[in-house]
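Report on the following structure.
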Amino acid sequence: MVATSTIAAPAANCSLTTATLVTKISGGSDSVTSLGMKSNTKPCCRGLRVKVKAQAPEKNINGSILNNYSTTTTETTKEEEKEETYINSELPEWNMLLKAIMGLFLATDIQWPLSKLRRSQHDKLVDSFSQGRLVQGGYVFRQNFSIRSYEIGPHRTATIGTLINHLQETVANHVRGAGLLGDGFASTPEMTRRNLIWVVAKMQVIVDQYPSWGDVVQIDTWFTSASEKNGLANHWLLRDANTGQILAKATSVWILMNKITRKLSKIPEEVRGELEPFQVIGELGSYFANHRFPEGRKLSKLHDNTADFVQAGLTTRLSDLDVHQHVNFSRYIGWILENAPPSILESHELYDMDLAFRRECGVGNVLKSLTAVVGGSSSIEAGSIIECDHMLQLENNGHEVMRGRTKWRPKGFNNIANIGQISAE
C-alpha cells in the first residue's frame, strides 16, 4: 500500500524535516526513522508544500509493525533515496533562489512605474485618483477628462453643458489639490469656519471646437484677482490632450456668500492669506501672458415686449440643486439655450457665451426665459454669425435671475481666428 503525504512548512523560520512525520529511533541530524529515511534537515521557504511518496509499513492485527521493514537505510532502494534527497534537500534551495529572483523582479517592477510618476517639485502629482496635478510652478491645476457617450449631443460632439460641468470639477479639484479643502465643498478651512461658499457672478466661454466621444480633454485652471473688489477670477484653458490643440477658453468671477444668511460677503483677510500662495499676481511668465481674457461685455436687459421668444413655466426641481442647496448655474445655461430660436439650433452652433448671475433660486421657483435676436429675428441667415440676448427672471415678481449674450456660427465653421484674438483684446 502506497500513501502520499503532504509536508507543510511551519509559519515561523524553521527547517523541513522528514523525521517529523514519524518517531525517531536514534538521535542526531542523520538519525534514521522507522521508515528507513534519514532525517535530513535543510532550510525551507516559508509556506512551501512538498509531496513525498512513502511506503506505509504493514501492521499486524494488534498494530505492531511487521519485520519486513528495517530500521536501516539498506532497506531503502537507491532510487527512493535519490528521490528523497532531491525532494527534501535540493528543492528548498532552488525555491530560496527562485524567491530571491522574484523579489528582485518585484522590486524593479514597483520602482519602474514610480520613477515615471516622479515630477519636479512644482509639477508634482497631487491626486492619483482625480488625475490632476499642479504645474507652472504650482499656479496652474491640470486635469484630463474623457468625453463619455452620455455627454455628447445629437451631432456626436460634447454639449456646452458637458464643458461647463468639467470646468466646475477642475475648480473644486484645484482647491483640493492645493491642500486648501476644508469641510465644505471647494471651501478653504477659513471659509468653512465662517460658513462661506463660492458662487459664480460672471462667466464667459469661447469654444473653437467641441470634442467628440472618446476624446481626452486637458483642462488647465488658475485664478487671479478680479476687477471686482470682493471677487476672485478663475480661468480655464481646454486642449486636446493628444494634439495640444486649443479647444476652448473660459473665464469667470466668483464671490463669497454666507450659506446660512444667504447674503454676499467680503473676502476675509484670512481667506486671502490662504489663496495668495496659489494666486497668479502680475505677469508670471509667457504662459499667462499668452492666455489673457477680454473684459466682459455690457449685457442688455430684456422685457416681454422686447423679447422675440418667451418661455414661461420653468419650475425648478430638487434634481436642479447642487451641494449649496440652490440651483446650479449650469441649469440656467440650459434654460436660456432651450429658448433659442429653433432655426438657429438646427443650422448653427454656440461658440461664445457671456453670462451674469444676479440671484439664486431654490426648489419650486418658477422662471421665465426671454430671448431676443440682435438685429431682429428676421436677420437670421443660414451662413451668418448670429447674436442673441437672454434673460431669466422670476415669473411671479419679475426679479432678474441672470442675463447673457450668446454668439452662434454656422455648423462646421472653425473659430480658431476668434480664439487667437483673445490675447489681442
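Remarks
- Segment D240..I281, full-extension length gain: 12.0 nm, with 0.36 nm per residue of separation and the alpha-carbon distance subtracted.
- Rg/Rh (Cα only; Kirkwood hydrodynamic radius) as it applies to region 206-264: 1.16
- When peptides 343-349, 265-271 are ranked by their average number of other Cβ atoms within 10 Å per residue, the highest-first order is 343-349, 265-271.
- Environment charge at V363 (Cβ cut-off 10 Å; Lys +1, Arg +1, Asp -1, Glu -1): 0
- Working from label points 7 Å from Cα in the Cα-to-Cβ sense, the T306 to V323 distance is 3.9 nm.
- Among W236, W213, W254, the sequence by solvent-accessible area, most first, with a 1.4 Å probe is W213, W254, W236.
- Spin-label pair E346/V374, simplified geometry with 7 Å Cα→Cβ offset, distance in nm: 2.5 nm
- Residues F329, F309, ordered by accessible area of protein heavy atoms at a 1.4 angstrom probe radius and largest first, appear as F309, F329.
- Summed side-chain charge close to I206 - residues other than I206 whose Cβ falls under 10 Å, Lys, Arg +1, Asp, Glu -1: -1
- Fully extending the segment from S384 to V216, taken as 0.36 nm per residue of separation minus the present Cα-Cα distance, adds 57.4 nm.
- The listed residues D354, D183, once ranked by accessible area (1.4 Å probe) with the largest placed first, stand as D183, D354.
- Geometric extent, Cα atoms of region 346-392 - Rg, Dmax (angstrom): 13.9, 41
- Tail weight of P(r) past 19 Å, computed on alpha-carbon pairs of region 149-242, percent: 49 percent
The values are calculated or read from the model by the stated rules, or taken from the named source; none is laboratory data. Note that this is a predicted model, so its numbers are computed, not measured. Quick reminder, even Gly has a Cβ in these numbers, built from the backbone with ideal geometry, and neighbours come from all protein chains shown. Each accessible area value is taken on the protein alone, full model and side chains, heavy atoms only, with ligands, DNA and RNA left out. Shrake-Rupley method; radii C 1.70, N 1.55, O 1.52, S 1.80 Å.
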